[in-house]
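Single-structure report; data block below.
The values are calculated or read from the model by the stated rules, or taken from the named source; none is laboratory data. This one's a predicted model, so the numbers in the text were calculated from it and none came from an experiment. Reconstructed Cβ throughout: ideal geometry from the backbone, glycine too, with neighbour counts over all protein chains shown. These area figures cover heavy atoms from the full protein model, side chains too; ligands, DNA and RNA do not enter into them. Shrake-Rupley method; radii C 1.70, N 1.55, O 1.52, S 1.80 Å.
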Amino acid sequence: MKSFRKELYFEVKKRRDFLNITPQVEEALAESGVREGLLLCNAMHITASVFINDDEAGLHQDFEAWLEGLAPEKPYSRYRHNGYEDNADAHLKRTVMGREVVVAVSGGKLDFGPWEQIFYGEFDGKRRKRVLVKIIGE
Amino acid sequence: MKSFRKELYFEVKKRRDFLNITPQVEEALAESGVREGLLLCNAMHITASVFINDDEAGLHQDFEAWLEGLAPEKPYSRYRHNGYEDNADAHLKRTVMGREVVVAVSGGKLDFGPWEQIFYGEFDGKRRKRVLVKIIGE
Amino acid sequence: MKSFRKELYFEVKKRRDFLNITPQVEEALAESGVREGLLLCNAMHITASVFINDDEAGLHQDFEAWLEGLAPEKPYSRYRHNGYEDNADAHLKRTVMGREVVVAVSGGKLDFGPWEQIFYGEFDGKRRKRVLVKIIGE
């Protein structure tokens, strides 16, 4: 059994944004040499998400508006977590979007349906944060 | 290490429905010959879900009503994604329900608690769509 | 390839609570002897969750209030599932929080970012319930 580990770094200039990180994950998979196995990709921070959906700008605006409706950023005083911080909403938004994805590796490729792409969802940005890629297989 | 891959096909006649796909996943596991490992089961489409919950018709009606409350289908104009499409709500509903499940394989069986069953959640149906089963182990 | 399986038992005195189970999961990992691989940790009950977030009491109160807003416990009659039961809200809350986490194992440790901790989320407690830990690797 082979195993492979790589950290990816992202620094989003805004508080919230979605980045298509499929190319970086594919590069990690190529480096691993794994042909058949499972790939885990997870945010290492608890105010960020890794998720799979469509790379369509309108949809990303819908996600932003929808998440703000479900867990509004402001007023900061609405959350107990916001004593010394202002990012409680980011913890809740990341919970909706998910921490991680597990993707099948088949024939050395990400085994995806036609529109599946991997995104990094940042909900408390303006600083450097990490994503972990771990691959096991052979 | 063994690895096994199988696609399952589903065509739901309505826009939204939940199908218990545990028998098909168990069949794939039997075909794989894997006795100890991990099984990934994921929707290959971004408007559908694979999730684990209870096979109880009342609960499924509750899921339907609850998801419509969180991410209503109509009016279609409420979503930016719906320029050429009408399925933005399906992307959001699938996000709540989740893309995938990872299940332990122990003694050649799905290692489940008493009520766990695997469901395909369709949110933009009336066409043939795919679910991936990938199993690794030995 | 090594594989390892362990069940953890929890009995929460209240209907809802969050328990930091990272120490128990780390103990299972040490018992497994796995140095590189993947660890699955999932609730075996469909009204409970295993998730990763911050061990901060204010945030946990925010989660409680937020989940009650998204899927209120009462009136019980609002859910079809509640004919013979009263826990439909627990099924919905667990759906938001997630059934499982998959964690990378690197160098014999949980491969975590700085604040990641594993929680058991109970939404229908006052009875003994189980969490499964399955580890594969070498």
### Task
Give the whole-number value, in cubic angstrom per residue, of the convex hull volume spanned by the C-alpha atoms of chain C.
103
### Task
Could you pull out every one of the lysines with an alpha carbon less than 21 Å from that of A:Lys6, ignoring same-chain neighbours closer than 8 positions?
A:Lys109, A:Lys129, A:Lys134, C:Lys109
## Note on the structure
Cα extents of the protein assembly as shown per principal axis, largest first, Å, are 51, 48, 47
### Query
Please state the relative contact order of the stretch C:1-114 as a whole percent: Cα pairs under 8 Å, 6+ residues apart?
39
### Query
Under 5 Å between amide H atoms, partner at least 5 residues away or on a different chain: which partners does C:Arg16 have, H built in plane at 1.01 Å?
C:Gly125
### J(HN,Hα) series, the stretch B:39-52, from Karplus relation 6.51 cos²θ - 1.76 cosθ + 1.60, nearest Hz, glycine and proline x
10, 9, 10, 9, 5, 8, 10, 8, 10, 9, 9, 10, 8, 10
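From the alpha carbon gyration tensor of the stretch A:1-57, can you work out the equivalent ellipsoid semi-axes (sqrt of 5 times each eigenvalue) and give them in Å, largest to smallest?
24, 13, 10
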### Message
I need the inter-copy label distances for A:Glu26: point set 7 Å along Cα to C-beta, values in nm with one decimal, smallest first.
### Response
3.9, 3.9
#### Entry: Spread of Cα-to-Cα distances over 10 Å intervals beginning at zero, given as percent, for the stretch B:80-127
20, 37, 24, 14, 5
#### Entry: Rounded FRET efficiency, nearest 0.05, which uses the C-beta distance separating C:Ala57 from A:Glu31 and R0 of 51 Å
0.80
### Query
For the pair A:Arg78 and A:Arg130, how long in nm is the line joining their label points, each one 7 Å along Cα→Cβ?
3.3
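For the interface of B with C, what's the total buried accessible surface in square angstrom, probe 1.4 angstrom, rounded to the nearest hundred?
Details: alone 7680 and 7710 Å², together 12940 Å².
Protein heavy atoms only, the B-C interface buries about 2400 Å².
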